[in-house]
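The values are calculated or read from the model by the stated rules, or taken from the named source; none is laboratory data. Because the structure is predicted, anything quoted here is derived from the model rather than measured. Cβ atoms come from the backbone with ideal geometry, glycine included; neighbour counts cover every protein chain shown. The accessibility values were calculated without ligands, DNA or RNA, using every heavy atom of the protein model including side chains. Shrake-Rupley method; radii C 1.70, N 1.55, O 1.52, S 1.80 Å.
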Amino acid sequence: MKDNDWKKRLNIVYSTNPDMQYESIDDEPEPQTLPPEKQKLKVVLDRKNRKGKDATIIEGFVGTDDDLKELARMLKTKCGVGGSTRGGEILIQGDLRNKVCQLLTAAGYKAKII
């Protein structure tokens, strides 16, 4: 019984089949990270639901969460502001569209201000 970890089978009640192989639905592979020159990123200013404060959002990143966090870390340190990553988007505090776009194009990404 290779790869029969009990934590992966928490929602299975009981099976009498000795050859049963449990298949998890959420075992989808993460998308491969595209090289920077093939990425098409959109830089957007957002003011909604932020109590009047500006936020720069970078959309359109295709890749793993680790690579997204690494790109966000680079942008936050170069801009000297805070931010976060959520749902394939990078949120940078403040209206820094021009600076973020310049940093992304310098890193090899195709970035467009919308």
Legend entry - Residue in region 82-104 that is closer than 21 Å to residue 37 by Cα, among the aliphatic types (A, V, I, L, M), open to solvent by less than 70 Å² (accessible area, probe 1.4 Å) and assigned to a loop (DSSP other than H, G, I, E, B) present: no
Legend entry - Within region 63-81, considering residues that are of a type in the set (Val, Ile, Thr) and more than 11 Å from the chain's Cα centre (by Cα), the one most open to solvent (accessible area, probe 1.4 Å): 77
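Checking the structure you have, find out if any residue of region 87-105 is among the small types (Gly, Ala, Ser) and either touching a strand residue (DSSP E or B) at 6+ places or on another chain (Cβ under 6 Å) or modelled with pLDDT of 90 or more (or both).
Checked region 87-105: at least one residue is among the small types (Gly, Ala, Ser) and either touching a strand residue (DSSP E or B) at 6+ places or on another chain (Cβ under 6 Å) or modelled with pLDDT of 90 or more (or both).
When you check residue 53 against the structure, is it modelled with pLDDT of 85 or more and in a strand (DSSP E or B), yes or no?
Numbers: modelled with pLDDT of 85 or more: yes; in a strand (DSSP E or B): no.
The answer is no for residue 53.
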